[in-house]
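The values are calculated or read from the model by the stated rules, or taken from the named source; none is laboratory data. All of these numbers come straight from a predicted model, not from anything done at the bench. Using ideal geometry, Cβ is built from the backbone for each residue, glycine included, and neighbour counts are taken over all protein chains shown.
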Amino acid sequence: MSSQKKNIVLLLKNISRESGGMSSSLDLAETLHHLGHNVVIGLTSSSIIYRATGARKCKTVIPAKNIYTVPAIFKRAIRKRNYSSAAVRVTKNIKAAIQNFLITLSGKKNFIKLLSNADIIIDAANFSGQGIALIKEHTNGLIVKNHAGSPKAFEDFWLTDEHLLEPADSNRSRYVAYCQQYDALLFQAPDQLEECVIREPLLKPRCFVLPPTCQEQQVLASRQQESPYQPGRKAIVCVGSIQPRKAQHLAMEAFSLIAASNPDADLHFVGGGLNSDYGMGLVKEAAQAFPQGRIYFHGHRQDYLRFMAHAELVIQTSQEEGVSRILREAMLLKRPLISFAISGTTSLLESGKEAVLVQPGDTAALAEAIADCLNHPSYAKELALAAYKRYLLNNSWAAYASKIIELVDHLGSMK
């Protein structure tokens, strides 16, 4: 255990496990707390609203007295979401106005005091350049970026000029300038750290790897729940929000190639986003290709782990990920895995030994891998057992906590 306890402020959008990035950030906060550090969470949403409503949805072991609201002056440049309809925008704007009123009531004096006393400040909320610059004015602590994603995903999907103090002339220069604002960068996989260093070698001394874990008790408990699938059918499940970046259409294309030769197999999608143009398009295509069924859309499910625990195969077709929570949970559940060989995944799993990883976008290879695992269950079982052993070695809570102890000690020596 770390020899010296630290005052650590973790900046979050909200306390939630709705996405892998949010969940891994909360894992980080709670593990630091379990290790005895003084952990404070700063929410860019209202802590008052969390105490009143949010805690029913996602509780945390962090004491309520240690959960604060980030004042509006600090969070004003947080990346804004684009909402698809006027009605949704109005609803969100009303909610934001209420939150800002409550944030004003909480004031900024206490938050500035927290910053001034902090040894380490971890940004897991994607603050802008203005926000980070303002934080630096009020602290001598180390400012760390929780980089829960690949550099390419940051460049292509997340970063805008709002994240910088000065505009950038390209995606790559924007990414490098963004990283340079932090004293340290915390990656989930070695290959994603290397992607960053390739973009700017001078960043290497600031880069660290912390392989993420998952909620082990909840994951393992899902095996005791009733199967959601029809008896006698082989379920192939793809879990994740329905969106182009997750590329569920490629899973459908691959399944179409093997459906006739595997008449007892079905494809299941679990995840929100069915009301988007992309989601509605997938549902329509599935109904046309298989009017009698065989491709099922279950939407967002709180019990998504149950679908994974009883599946024959877990597949993932994402184009970009950090280190996928779904894959880690499948490893712990001993479910055979098939995925595209993207950064993060290639550090998590060894292809041919612990999973089948195929080139991104290669639906023919994906279909072949699915058929091979369905038709050779002993081979699929060997992959799953090897992946489980790898999880225990690299991603178990015990391994995770040990890495955090080393990390905090190293960060403590940097300032």
Within the stretch 247-304, considering residues that are of a type in the set (F, W, Y) and in a helix (DSSP H, G or I), the one farthest from P228 (Cα to Cα):
Y278
Please pick out the residue among A401, A355 that is in contact (Cβ under 8 Å) with a residue 60 or more places away in the chain and not charged (D, E, K, R).
A401
Determine if the stretch 236-243 includes at least one residue that is part of a loop (DSSP other than H, G, I, E, B), on the phi < 0 side of the Ramachandran plot, in contact with a Leu (Cβ under 7 Å, 6 or more places away or on another chain) and buried (at least 17 other Cβ atoms within 10 Å of the Cβ).
yes
What pairs come up if the first residue lies in the stretch 314-339 and is within 16 Å of P212 (Cβ to Cβ), the second is among the aromatic types (F, W, Y) and surrounded by 24 or more Cβ atoms within 10 Å (Cβ to Cβ), and their beta carbons are under 6 Å apart, counting only those six or more places apart or on different chains?
M331/Y391; L332/Y391
From the option list Y178, Y229, Y182, single residue qualifying as part of a helix (DSSP H, G or I), aromatic (F, W, Y) and either in the same structural domain as L114 (by TED's automatic domain parsing) or more than 18 Å from the chain's Cα centre (by Cα) (or both) is Y178
When A401 is run through (1) modelled with pLDDT of 95 or more; (2) under 30 Å from V39 (Cβ atoms); (3) in the same structural domain as S222 (by TED's automatic domain parsing), the failure sits at (3)
Inside the stretch 120-174, the number of residues satisfying the requirement of being touching a residue at least 24 places away in the same chain (Cβ under 8 Å) and either within 21 Å of S23 (Cα to Cα) or part of a helix (DSSP H, G or I) (or both) is 33
Does K334 fit the bill of being part of a loop (DSSP other than H, G, I, E, B), surrounded by fewer than 19 Cβ atoms within 10 Å (Cβ to Cβ) and among the charged types (D, E, K, R)?
yes
Does any residue in the stretch 377-397 that is more than 17 Å from L220 (Cα to Cα) and at pLDDT 95 or above come within less than 7 Å, Cβ to Cβ, of a residue that is polar (S, T, N, Q) and in a helix (DSSP H, G or I) six or more places away or on a different chain, and which pairs are these?
none
Are any residues in the stretch 1-12 crowded, with 19+ Cβ neighbours inside 10 Å and not β-branched (V, I, T), and if so, which ones?
K6, L10, L11, L12
Matching residues in the stretch 9-33 - criterion: being β-branched (V, I, T) and either assigned by TED's automatic domain parsing to the domain that holds G271 or touching a Gly at 6+ places or on another chain (Cβ under 8 Å) (or both):
V9, I15
Kindly evaluate A55 against the criterion of being within 21 Å of T31 (Cβ to Cβ), in the same structural domain as G21 (by TED's automatic domain parsing), at pLDDT below 65 and within 23 Å of the chain's Cα centre (by Cα).
yes
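Here is a yes/no grid of residues against (1) over 16 Å from Y388 (Cβ atoms); (2) modelled with pLDDT of 95 or more; (3) crowded, with 23+ Cβ neighbours inside 10 Å:
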{"residue": "V314", "(1), (2), (3)": "no, yes, yes"}
{"residue": "G344", "(1), (2), (3)": "yes, no, yes"}
{"residue": "E350", "(1), (2), (3)": "no, yes, no"}
{"residue": "D362", "(1), (2), (3)": "yes, yes, no"}
Within the stretch 205-226, is even one residue touching a helix residue (DSSP H, G or I) at 6+ places or on another chain (Cβ under 9 Å), surrounded by 22 or more Cβ atoms within 10 Å (Cβ to Cβ) and more than 19 Å from A125 (Cβ to Cβ)?
yes
Kindly check whether there is at least one residue in the stretch 34-43 that is touching a Gly at 6+ places or on another chain (Cβ under 7 Å) and surrounded by 21 or more Cβ atoms within 10 Å (Cβ to Cβ).
no
Look through the stretch 108-138, keep the residues that are farther than 17 Å from S45 by Cα and of a type in the set (D, E), and return whichever of them is surrounded by the fewest Cβ atoms within 10 Å (Cβ to Cβ).
E137
